Amino acid sequence: MKKIAAGLLLTGMWLACAASAQAEVTVNFVKPGEFSDVPRADQDRDRVLADLRQHLTRLGQRLPAGQDLLINVVDVDLAGHLEPRRGATDMLRILRGGADWPRIVLRYSLSEHGTVLRSKEATLADQNYMDGMNPYSDSEPLRYEKKMLDDWFAAEFKLPRR
């Protein structure tokens, strides 16, 4: 019985250490209904914002253990423009590679053990979003926005690109 209790205690301690081994990441969207360009339908907007939140969270977890990252997304302008489809009620996102590049405005705060290390506002934009290599497949939702976020994160936090 003592061996089982000791094993459970060790397992619990290991899980607690493993859980604290990642950076804590919080992503908020400030007035998403006022963003420059996200889908207007609730379900579509929620899907886009959830995808962005998940991607930013995944990036933030690459930070050293003990660091916390708070990101407040202030504006989103997705790559391309929405245009009506002939004979349909929904819209189609058209990417032309002109003045339709992705842009995200965010404020972030990086802290460690309660002490703020850095706090900034950043405007991310990729005017050449259709040029060069993109690690995300053509079928990946928000592939241009994700690449832009990857590039910013690697440069801002001095981490290698994945």
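The values are calculated or read from the model by the stated rules, or taken from the named source; none is laboratory data. Since this is a predicted model, take the numbers as computed values, not measurements. Using ideal geometry, Cβ is built from the backbone for each residue, glycine included, and neighbour counts are taken over all protein chains shown.
Brief remarks on what is shown
- Which listed residue, of 32, 39, is modelled with pLDDT of 85 or more and under 29 Å from residue 131 (Cα atoms): 32
- Residue 73 being at negative phi, modelled with pLDDT of 95 or more, under 17 Å from the mean Cα position of the chain (by Cα) and crowded, with 17+ Cβ neighbours inside 10 Å: yes
- Test: residue in region 128-150 that is in contact with a helix residue (DSSP H, G or I) (Cβ under 6 Å, 6 or more places away or on another chain) and over 13 Å from residue 78 (Cα atoms): yes
- Some residue of region 135-158 being of a type in the set (Phe, Trp, Tyr), in a loop (DSSP other than H, G, I, E, B), in contact with a strand residue (DSSP E or B) (Cβ under 7 Å, 6 or more places away or on another chain) and at pLDDT 90 or above: no
- Test: residue in region 81-99 that is β-branched (Val, Ile, Thr) and modelled with pLDDT of 90 or more: no
- Of the listed requirements (1) of a type outside the set (Ser, Thr, Tyr); (2) exposed (fewer than 15 other Cβ atoms within 10 Å of the Cβ); (3) at pLDDT 90 or above; (4) not in a loop (DSSP other than H, G, I, E, B), residue 56 misses just one: (2).
- Of all residues in region 103-162 being among the β-branched types (Val, Ile, Thr) and either loosely packed, with under 13 Cβ neighbours inside 10 Å or free of Cβ contacts under 8 Å to residues at least 40 places away in the same chain (or both), the one that is nearest to residue 38 (Cα to Cα): 105
- Of all residues in region 62-84, those that are over 21 Å from residue 161 (Cα atoms) have Cβ atoms under 6 Å from Cβ atoms of residues that are among the β-branched types (Val, Ile, Thr) and not in a strand (DSSP E or B), 6 or more apart or on another chain, in 72/30; 74/30; 76/38.
- The residue pairs whose first member lies in region 27-49 and is outside any helix (DSSP H, G or I), whose second member is among the acidic types (Asp, Glu), and whose beta carbons are closer than 6 Å, counting only pairs six or more residues apart or on different chains, are 35/75; 36/75; 36/77; 37/77.
- Which numbered condition residue 65 misses (of (1) at pLDDT 95 or above; (2) in contact with a Ser or Thr (Cβ under 7 Å, 6 or more places away or on another chain); (3) among the small types (Gly, Ala, Ser)): (1)
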